[in-house]
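Visitor: The structure under discussion is supplied below as C-alpha cells; questions concerning it will follow.
The values are calculated or read from the model by the stated rules, or taken from the named source; none is laboratory data. None of these values were measured; they are calculated from a predicted model. We place every Cβ from the backbone using ideal geometry, glycine too, and count neighbours over all the protein chains shown.
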Amino acid sequence: MADLIDPITGAAAEPQPTGRKAHPKKVREVPESLKKFREIHAAAAAGGPPEKIEAQRKKGKLTARERIAYLVDEGTFQELGLLMESRCTDFGIKDKHIKGDGVITGFGKVNGRLAAIFSEDFTQLGGSLGRTHADKITKLMDMAADIKVPVIGILDSGGARIQEGVDSLDGYGEIFLRNTRYSGVVPQISIIVGPCAGGAVYSPALTDFVFMVKGMSNMFVTGPEVVKAATGEEVDFETLGGSMTHASKSGVCHFVANSEPDCYRQVKELMSFLPQSRLEAAPGMETRDPGDRKIALLEKLCEVDPRRPYRVHHIVWWLSDDHRFLEVHHDYAKNIVVGFIRLGGQVVGVIANNPAQMAGALDINASDKAARFIRFLNNFNIPILTLVDVPGYWPGVAQEHGGIIRHGAKLLYAYSEATVPKVTLVLRKAYGGAYIAMSSKLMGGDINFSLPSAEIAVMGPRGAIEILYSRQIKEAKEEEREALRVKLAKEYSDKFASPYQTASMGSIDEVIEPAQARERLISAFRVLAGKRRPGTHERTGNIPL
Ligand code: HXC
C-alpha cells in the first residue's frame, strides 16, 4: 500500500487532527504526470552533469543558480524558460536535451526592487550561446524594457556555440541590438565571471556597467594563441584580458571584485543608487547626517599651497551623506573621479578633477570616462555635481595625435547636452578650456559656486606671464629673472586668479563660505529639483565612448 503523500511537495504527509471522528486514511498515489513534471524540473534545475559542476567548483566558481541566489532577495526569483531546449539538430545537440539551453533567465528582487536577470551556465555546453539561449535573453530584455526594470547579465560562456554556426552569431546580433535600443531606457549591468571572448565581449561593452572578478574573468576579442599567431606577441589570459587590465588600461571594466560574493555585494550597492528606468527618479534615502554639517577640510584647502596635490576623494567623502561614495571606474583615468553619492538624501552623480593624479589635468581617457558617466546620469535623471580643480589639458604629442581634441569634445558635448540639474563648485584651479569644460555657467551649469581660494583664469599665472612679459623676462639679468617671475605672477594672480572677477561677470553665481559647502550644495539641488520631470526629455542612449 502506498504512503500518504502531500500532493504539492511530494513529501510524506502527516494526518492532520481535525477534532472530528477519524475517517479511514485516504491514500493517493502521485499521478504519473506529476511525477514526470517533478523529475523534469529537478533535472533541469540541477544544471549540467555532476562532473561539470565539480569542475566549475574546482575553478573557484559558483554555479549559475548560486549566482542568482547571491544577487536576489530570498524566494523572489521567478524563472522563465527553464524547459526551453536547442532546436539545433546538428552534432547531436538536440539529443542531449539540455534544458534551459545553458542560461537561466527570470525576474527577481534585488534589495526589494525588481530586476531582470540572466545567468549563463558554463556547466552546460560551456555556457555557449546558441539560438535558444539567445532567444531567452532577448525575450527577457524585451520584457524588462516593457516593465521598465534593470537588466543584469551574469556571463560565463565559451562564446558563440560552434555547433549552431551562424544562428548563434545572429543571436548575438539580436542581443547587441537590444543592448543599444534599451540603452538609456533601463540600466544594464554585466557581470563577467568566466571567459567572455570574441564578439561576445560587445554585449557587456554596450551595457552601462561592467563588473569583473580578480583571477576569474577574462574578456578579449582574440585570445592569446591568436594574438601570438597574428603578431608574435606572447601574453597570458590575465595580462591580455583580466580584470585589472580592463579596469586600469582599457577602461572596459567599471568595478573589480576580489571574489564572486564580493562582486554581487558591489552590484547590489550600485543598484541602490539607480532608478528602475529613465521614467523614475533615483531612490532617495533618509539620513541622519545633518545637512548643515560643517566641512572643515575645505577651509584647510584655502590655506594650502595651490600646487599641493590631494585626493579629491576626501572632499567627496566629507560632502556626502554619511560619508558614503560609490566610486565608478576607480582604477581608470585616475585624474578624474566619478561616482554616486547622496546629498540630503537624494542621489547625485559626482564628477571631480583629482589633483593627486596628473595634477587633475584632463586627458583623452579622463574625457571619455567623464563624458560617458555624464550621459548615463542624464539618461537616468540623476543630478550632476562637478568639483573643479583643473590646471588645463594634459600637454604632449601623444595626446594631440591620440585625439585629445576629439575626445575632449565629448566632455563638452555630454555636459552641454545634459538637462538634469547641474551644480558646480570650483575648489581651486579652473584654467582655460578645462574651466569651460567642467560644467561652467555659460555651458549650461545651473548653479555655479566657488570657494574663495579658487583661481579662475585663462591660464595659470606662470604660463601667462611667460607670454605676456616674455620680452621683459628675457631682458632681465639671469640672477634677477626668478624674482621678476615671482613678482609678475603674483600681480597676475591678484588680478585674475581669484573667483571675484568671474563672479562679477555672473559666471560664478556665488563665492561661498567653505565650511558651508554641504549645506549650500544640498539647497542648490533642492532648488533645481523641478528642473526636469523624469521621462519628458528625449532619450540620448549611453553610447560607449
Ligand atoms: C560549443 C563550447 C564552446 C563553444 C566551450 N564549449 N566553448 N561548445 N561552442 N563556443 C564546450 C567545450 O567543448 C566543453 O564541452 C565545455 O564547453 C567546457 O569547455 P572546456 O574547454 O572544457 O573548458 P575550459 O578548459 O575551462 O575552457 C574554456 C574556454 C574554451 C577557454 C572558453 O572552452 C574555449 O576556448 N572555447 C572556445 C572559445 C571560442 O573560440 N568561442 C567562439 C568565440 S567566437 P564538453 O562537452 O567537453 O563538456 C564568438 C563570436 C561571437 O564567440 C560573435 C558575436 C558577434
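Visitor: Look through the range 176-191, keep the residues that are outside any strand (DSSP E or B) and among the aliphatic types (A, V, I, L, M), and return whichever of them is surrounded by the fewest Cβ atoms within 10 Å (Cβ to Cβ).
Guide: L177
Visitor: Give the range 64-84 a look and list any residue that's part of a helix (DSSP H, G or I) and more than 16 Å from the ligand (Cβ to nearest atom), or say none.
Guide: R65, E66, R67, I68, A69, Y70, L71
Visitor: Within the range 397-486, which strands (runs of 3 or more DSSP E) (wholly inside it) include 3 or more residues that are without any contact (Cβ under 8 Å) to a residue 60 or more places away in the chain?
Guide: Correct list: 422-431.
Visitor: Right, another one. Can you tell me which residue within the range 129-175, out of those that are within 13 Å of the ligand (Cβ to nearest atom) and of a type in the set (S, T, N, Q), is nearest to G194 (Cα to Cα)?
Guide: S157
Visitor: Taking interchain pairs and intrachain pairs at least six residues apart, which have beta carbon atoms under 9 angstrom, with the first residue in the range 208-225 and within 24 Å of M271 (Cα to Cα) and without any contact (Cβ under 8 Å) to a residue 60 or more places away in the chain and the second among the aromatic types (F, W, Y) and more than 11 Å from the ligand (Cβ to nearest atom)?
Guide: Qualifying pairs under 9 Å: V210/F255; F211/F255; F211/Y264; M212/F255; S217/F211.
Visitor: Oh, and also: Return the residues of the range 195-231 that are within 12 Å of the ligand (Cβ to nearest atom) and among the hydrophobic types (A, V, I, L, M, F, W, C); say none if nothing qualifies.
Guide: C196, A197, A200, V201, A205, L206, M216, M219, F220, V221, V226
Visitor: In the list E519, E513, E475, which residue meets the criterion of being surrounded by fewer than 16 Cβ atoms within 10 Å (Cβ to Cβ) and over 17 Å from V426 (Cβ atoms)?
Guide: Every option except E475 fails the conditions.
Visitor: If we scan the range 224-243, do we find a residue that is on the phi < 0 side of the Ramachandran plot and under 13 Å from the mean Cα position of the chain (by Cα)?
Guide: Taking every residue of the range 224-243 in turn, none turns out to be on the phi < 0 side of the Ramachandran plot and under 13 Å from the mean Cα position of the chain (by Cα).
Visitor: Could you tell me which of the residues L411, L425 is within 25 Å of the chain's Cα centre (by Cα), surrounded by 22 or more Cβ atoms within 10 Å (Cβ to Cβ) and either over 23 Å from G530 (Cα atoms) or among the acidic types (D, E) (or both)?
Guide: Checking each option against the conditions leaves just L411.
Visitor: Going residue by residue through the range 231-239, is there one that turns out to be out of contact with any Pro (no Cβ under 7 Å at 6 or more places or on another chain), within 30 Å of V388 (Cα to Cα) and surrounded by 14 or more Cβ atoms within 10 Å (Cβ to Cβ)?
Guide: Checking the range 231-239: not a single residue is out of contact with any Pro (no Cβ under 7 Å at 6 or more places or on another chain), within 30 Å of V388 (Cα to Cα) and surrounded by 14 or more Cβ atoms within 10 Å (Cβ to Cβ).
Visitor: Are any residues in the range 212-227 in a helix (DSSP H, G or I) and surrounded by 13 or more Cβ atoms within 10 Å (Cβ to Cβ), and if so, which ones?
Guide: The answer is P224, V226, V227.
Results for (1) at pLDDT 95 or above; (2) within 19 Å of the chain's Cα centre (by Cα), shown as yes or no for each residue.
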{"residue": "C253", "(1), (2)": "yes, yes"}
{"residue": "A257", "(1), (2)": "yes, yes"}
{"residue": "P261", "(1), (2)": "yes, yes"}
{"residue": "P275", "(1), (2)": "yes, yes"}
{"residue": "I295", "(1), (2)": "yes, no"}
{"residue": "E303", "(1), (2)": "no, no"}
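Residues checked against (1) small (G, A, S); (2) over 30 Å from L377 (Cβ atoms):
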residue: A464; (1), (2): yes, yes
residue: L484; (1), (2): no, yes
residue: K490; (1), (2): no, yes
residue: M505; (1), (2): no, no
residue: P514; (1), (2): no, no
residue: L528; (1), (2): no, no
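Visitor: Looking only at the range 94-101, decide whether some residue is at pLDDT below 95, more than 14 Å from the ligand (Cβ to nearest atom), part of a helix (DSSP H, G or I) and farther than 18 Å from P195 by Cα.
Guide: The answer is yes, given that some residue of the range 94-101 is at pLDDT below 95, more than 14 Å from the ligand (Cβ to nearest atom), part of a helix (DSSP H, G or I) and farther than 18 Å from P195 by Cα.
Visitor: Do you know which residues across the range 43-63 are at pLDDT below 90 and part of a helix (DSSP H, G or I)?
Guide: Result: A43, A44, A45, A46.
Visitor: Return a yes/no flag: does the range 185-194 have any residue that is closer than 26 Å to L545 by Cβ, of a type outside the set (A, V, I, L, M, F, W, C) and away from the ligand (no atom under 16 Å from the Cβ).
Guide: Yes: the range 185-194 contains one or more residues that are closer than 26 Å to L545 by Cβ, of a type outside the set (A, V, I, L, M, F, W, C) and away from the ligand (no atom under 16 Å from the Cβ).
Visitor: Right, something else. For the range 111-128: of the residues being closer than 26 Å to A43 by Cβ and part of a loop (DSSP other than H, G, I, E, B), which is farthest from the ligand (Cβ to nearest atom)?
Guide: D121
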